[in-house]
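Since the structure comes first, as structure tokens, the remarks are kept for the end.
Just so it is clear, none of the values below were taken in a lab; they were calculated from the coordinates. Treat the numbers as computed from the prediction; the structure is a model and nothing was measured. Methodologically, a virtual Cβ is constructed for each residue, glycine included, from the backbone with ideal geometry; neighbour enumeration extends over all protein chains shown.
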Amino acid sequence: MKKYLIASILLIGLSVNCIYSQFTFVRIDPAVVHGSADSIIKSHGVVKNTTSSTITLNISIINRYVSPGWDSIGICDWHLCYGAGTYNITSSIVPGVFETLYVYFYPNGIQGNGHCTVSINYQSTTINQDFAVQTDPLGITQISSIIKEFSLGQNYPNPFNPATKINFSIPKSDHISLRVYDILGREVKILVNESLTPGEYEIDFDGKGLSSGMYYYSLRAGEYVDVKKMVLVK
């Protein structure tokens, strides 16, 4: 008898929740969406009005983070797209239709990651969903996974025009930074800025848009640092 009573209470509770849940909000994409640093990366979810009339939702982007150099996070609802940095909007939604909501991240060619929480509220109901993205290095290839020590190879060809390849090896998982600087020490390109597993890697560097001259590339992994020269000739 006790078991039946508990089951009845749970069913009543579920019924009450269904009655007072006026909308649903679900993230469709994976928890972390991967993309190129040279393009906008988006993640999306769907919203449904479960009432019998049109309602107006309050939508906020909270818990925001993007890597240094990235633009602010942007959002598009089922009516229009808002400029990056607009974190609070209201949006009407008709009953019974699944509507798509997009969250946009703008890496600006910089390797890194970003994340936020989209919070949707209507009357007494609030639903939160987390969205995150991470850039994948362009042109990076893992050659081997068995490595004994850190190393940074000389780029080849060298001199080059306009593309060259750079090899590096890491014996353990670590956050890797591979950056290119001009002769004055100004950063001109971030090739890698993320955690990698042990292995030997090869990455392409395209000097298109850069002037002829000497450049430096630096590998940082934990306490390991190495710098080498390369020459761009056009």
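Under 8 Å for C-alpha pairs, at least 6 residues apart: give me the relative contact order for the chain, rounded to a whole percent. Don't skip to the answer; put the middle values down first.
On the way: 572 pairs, mean separation 40.4, N = 234.
For the chain, the relative contact order is 17 percent.
Can you give the charge dipole size of the chain about its Cα centre, rounded to the nearest 20 debye, using +1 on the beta carbon of Lys and Arg and -1 on the beta carbon of Asp and Glu?
Values: 17 positive and 18 negative charges, 64 e Å.
That gives a dipole near 300 debye.
As a check on your grasp of the helix formula, calculate [θ] at 222 nm for the chain: sum -39500 (n - 2.57) over DSSP H runs of n ≥ 4, divide by the residue count, round to the nearest 500.
Working: 1 runs with 19 residues, N = 234.
The per-residue figure over the chain is -3000 deg cm²/dmol.
Taking the Cβ of each residue in C116, C76 as the centre, tally the other Cβ atoms inside 10 Å and list the residues starting with the fewest.
Ordered by Cβ neighbours within 10 Å, fewest first: C76, C116.
Relative to 2.2 N^0.38 Å, what does the C-alpha radius of gyration of the range 140-232 come to as a ratio? Two decimals please.
On the way: Rg = 12.8 Å, N = 93, 2.2 N^0.38 = 12.3 Å.
The reported ratio for this selection is 1.04.
So, how do all the Cα-to-Cα distances of the range 22-136 break down into 5 Å bins, in percent, from 0 on up?
Distribution as computed: 2, 13, 24, 24, 17, 10, 6, 3, 1, 0 percent.
On a 0 to 90 degree scale, rounded to 10, what angle separates helix 2-20 from the longest Cα axis of the chain?
70
Fewest to most neighbouring Cβ within 10 Å: what's the order for S173, S91?
Least crowded to most crowded, the residues run S173, S91.
Provide the per-residue ³J(HN,Hα) series for the range 74-83, in order, calculated from phi with Karplus coefficients 6.51, -1.76, 1.60 and θ = phi - 60°, each as a whole number of Hz, with x at glycine and proline positions.
Those phi angles translate into x, 9, 10, 9, 7, 10, 6, 9, 9, x Hz.
Over the alpha-carbon set of the chain, divide Rg by the Kirkwood Rh and report the Rg/Rh ratio to two decimals. Don't skip to the answer; put the middle values down first.
On the way: Rg = 24.5 Å, Rh = 21.0 Å.
The Rg/Rh ratio comes out at 1.17.
Please report the spacing between the Cα centers of the range 160-234 and the range 104-132 in Å, no decimals.
31
For K165, list the aspartates and glutamates whose Cα falls under 15 Å from its own Cα; do not include residues on the same chain fewer than 8 positions away.
By straight Cα distance, K165 reaches E200, E202, D204, D206.
When a footprinting reagent is the concern and you count Cβ atoms within 10 Å, what order do F205, F105, F150, F98 take, fewest first? Please list the in-between numbers first.
Details: F205 22, F105 28, F150 18, F98 13.
By the 10 Å Cβ count, ascending, the order reads F98, F150, F205, F105.
Quick one: 3J(HN,Hα) in Hz for the range 151-159, Karplus 6.51/-1.76/1.60 with θ = phi - 60°, rounded, Gly and Pro as x.
So the J values, rounded to whole Hz, are 7, 10, x, 6, 4, 8, x, 8, x.
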